[in-house]
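Engineer: Pasting a structure here, questions to come.
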Amino acid sequence: MTATATRVLVLNSGSSSVKYQLLDMADGRRLAVGLVERIGEENSRLAHTPLATGGGKRETEGAIADHETALKAVAAELSADGLGLDSPQLAAIGHRVVHGGLRFTEPTVIDAAVLKEIERLVPVAPLHNPANITGIRTAQALRPDLPQVAVFDTAFHSTMPEYAARYAIDVETADAHRVRRYGFHGTSHAYVSRRTAALLGKDPSEVNVIVLHLGNGASASAVAGGRCVDTSMGLTPLEGLVMGTRSGDIDPAVTFHLKRVAGMSADEIDELLNKKSGLLGLCGDNDMREIRRRIDEGDERAALAFDIYIHRLKKYIGAYYAVLGRVDAVVFTAGVGENAAPVREAAVAGLEELGLAVDAGLNAVRSDEPRLISPEYARVAVAVVPTDEELEIARQTYALVSA
Ligand code: ADP
């Protein structure tokens, strides 16, 4: 890496998409952002915005057969703006990798052994790790000389104590199959909890925070002095809160009941709980905007779905309050948490005895900035902190390669 190499390309490779951002870590500026969607279909789409040049969004449609073709197309778009992968200013490529298992608790420079280990984790992250691996291999082929860094969604949660990370099942069976609670969205929980401490004017080591990451996927975490002590997702991102299309917590007996009584296969139950449940399963919509609109029109199914969502959220706030003992802040983030004032208001309603309250005026303000929404008198701060997983991946990647 040359002294002037301060840029990091962040790649988030999903099964049929690649999201990317090019950032300059000298000042944290975003130089380009984009997305390739529907990879493998006839109508793939690449949307690229070269922020550095002030150029507008460029969109191209047409079949993009695989991730390799997608990344080559992204590289060509970046080159067209003088931001190509061959630039000497590029310090590294940072990859979001969903599952790091027990082995990866820190951002890690990827070599053949690391890649092999990420592959070994495919059985516990069948939907995610294969796409991440494809992204890494393709980027390696394009720039074999450049450091490629894996930043794991599970890493921030690796500090969970054993009593929070283990399920109460037979230890030998659990260990033989790596069944335990890993947690996800860790990059977001790390970024948001740290940013919340800054908002309070404190060092992360001084504060206890409950982070509520409410996007289409949703998870809560309890962070004590900057370290995660519990989180709501488990072996997979299915456990915990009610999500857009995932059930979150259910009695595990529901699965064998459905198998025995409804004759459903494991794959069908997997699909039901991951893709056809949560808000979507409850009311037919998974977008909180649409659900609020329907509630305003008097739709009872939407209202019940909202109440179930809030009830679960409130239970986790209470549980993590008890886990932490003392709470300095409850913070909302991601699509729903950052934008849906009614969700924030309802989640905290009735918790005044715990020192929690939301100021209606502050809660109604729309902003992209981290902000407090609790009244002055409240003992516990309630905050909204927009998450920025790409910036955090770039920060961790750059810290590793520039050390
Ligand atoms: P993910 O990264 O998990 O796909 P996001 O964090 O982008 O999700 O959140 C997406 C969700 O945010 C949408 O499904 C929608 O429910 C919600 N959302 C976005 N904007 C608003 C808004 N203005 N009001 C309420 N909900 C919103």
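The values are calculated or read from the model by the stated rules, or taken from the named source; none is laboratory data. Keep in mind it's a predicted model, so treat the numbers as computed, not measured. Here the Cβ is made from the backbone with ideal geometry for all residues, glycine too, and neighbour counts use every protein chain on show. These area figures cover heavy atoms from the full protein model, side chains too; ligands, DNA and RNA do not enter into them. Shrake-Rupley method; radii C 1.70, N 1.55, O 1.52, S 1.80 Å.
Engineer: Kindly provide the set of residues from the stretch 1-58 that are over 24 Å from the mean Cα position of the chain (by Cα) and under 19 Å from His95 (Cβ atoms), ordered by number.
Structural biologist: Met1, Ala5, Thr6
Engineer: Among what's in the stretch 233-260 and is within 13 Å of Ala220 (Cα to Cα) and aliphatic (A, V, I, L, M), pick the residue that is surrounded by the fewest Cβ atoms within 10 Å (Cβ to Cβ). First the steps, then the outcome.
Structural biologist: Our first condition is that a residue be within 13 Å of Ala220 (Cα to Cα); within the stretch 233-260, this holds for 233-234, 237-243, 248-249.
Applying the additional criterion that residues be aliphatic (A, V, I, L, M) yields 233, 238, 241-243.
Values: Met233: 28, Leu238: 20, Leu241: 23, Val242: 23, Met243: 26.
Only one residue tops the list, namely Leu238.
Engineer: Mind checking which residues of the stretch 261-286 are surrounded by 16 or more Cβ atoms within 10 Å (Cβ to Cβ) and either in contact with a strand residue (DSSP E or B) (Cβ under 8 Å, 6 or more places away or on another chain) or among the polar types (S, T, N, Q) (or both)? Step through it out loud before you land on a result.
Structural biologist: In the first step, residues of the stretch 261-286 are kept if they are surrounded by 16 or more Cβ atoms within 10 Å (Cβ to Cβ); the result is 264, 269-270, 272-274, 277-283, 285-286.
Hits for the stretch 261-286 are Asn274, Ser277, Asn286.
Engineer: How many of the residues making up the stretch 225-249 are of a type in the set (A, V, I, L, M, F, W, C) and touching an Asp or Glu at 6+ places or on another chain (Cβ under 9 Å)?
Structural biologist: Residues meeting the conditions: 4.
A quick yes/no check of all residues on (1) of a type in the set (Lys, Arg); (2) surrounded by fewer than 18 Cβ atoms within 10 Å (Cβ to Cβ); (3) touching a Phe, Trp or Tyr at 6+ places or on another chain (Cβ under 9 Å):
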site	(1), (2), (3)
Gln21	no, no, no
Leu31	no, no, no
Gly34	no, no, yes
Pro50	no, no, no
Asp66	no, yes, no
Ala73	no, no, no
Pro88	no, yes, no
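Engineer: Moving on. Could you tell me which residue of the stretch 150-170 is nearest to Tyr398 (Cα to Cα), considering only residues that are of a type outside the set (D, E, K, R) and open to solvent by 70 Å² or more (accessible area, probe 1.4 Å)? It would help to see each step written out before you state the result.
Structural biologist: Residues of the stretch 150-170 that are of a type outside the set (D, E, K, R), as a first pass: 150-152, 154-161, 163-165, 167-169.
Keeping just the survivors that are open to solvent by 70 Å² or more (accessible area, probe 1.4 Å) gives 163, 168-169.
Numbers: Tyr163: 34, Ala168: 39, Ile169: 40 Å.
Ranking the candidates gives Tyr163 first.
Engineer: Restricting attention to helices (runs of 4 or more DSSP H) lying wholly within the stretch 309-403, give those where 2 or more residues are touching a Pro at 6+ places or on another chain (Cβ under 7 Å) and more than 15 Å from the ligand (Cβ to nearest atom).
Structural biologist: 389-401
Engineer: Can you name the number of the only condition in (1) touching a Ser or Thr at 6+ places or on another chain (Cβ under 6 Å); (2) away from the ligand (no atom under 16 Å from the Cβ) that Ile136 fails?
Structural biologist: (1)
Engineer: For the stretch 100-149, give me each residue that is in contact with a Pro (Cβ under 7 Å, 6 or more places away or on another chain) and either at pLDDT below 95 or open to solvent by less than 30 Å² (accessible area, probe 1.4 Å) (or both). Walk me through it before giving the result.
Structural biologist: Let us first name the residues in the stretch 100-149 that are in contact with a Pro (Cβ under 7 Å, 6 or more places away or on another chain), namely 109, 122, 149.
Selection gives Val122, Val149.
Engineer: Inspect the stretch 292-307 for any residue being closer than 18 Å to Ala218 by Cβ, of a type in the set (D, E, K, R) and within 12 Å of the ligand (Cβ to nearest atom) and give the result as yes or no.
Structural biologist: For the stretch 292-307, residues closer than 18 Å to Ala218 by Cβ, of a type in the set (D, E, K, R) and within 12 Å of the ligand (Cβ to nearest atom): present.
Engineer: On to the next question. Look through Val384, Val401 and report the one residue that is at pLDDT 95 or above and under 24 Å from Val327 (Cα atoms).
Structural biologist: Values: Val401 fails: under 24 Å from Val327 (Cα atoms).
Val384 is the lone residue from the list that is at pLDDT 95 or above and under 24 Å from Val327 (Cα atoms).
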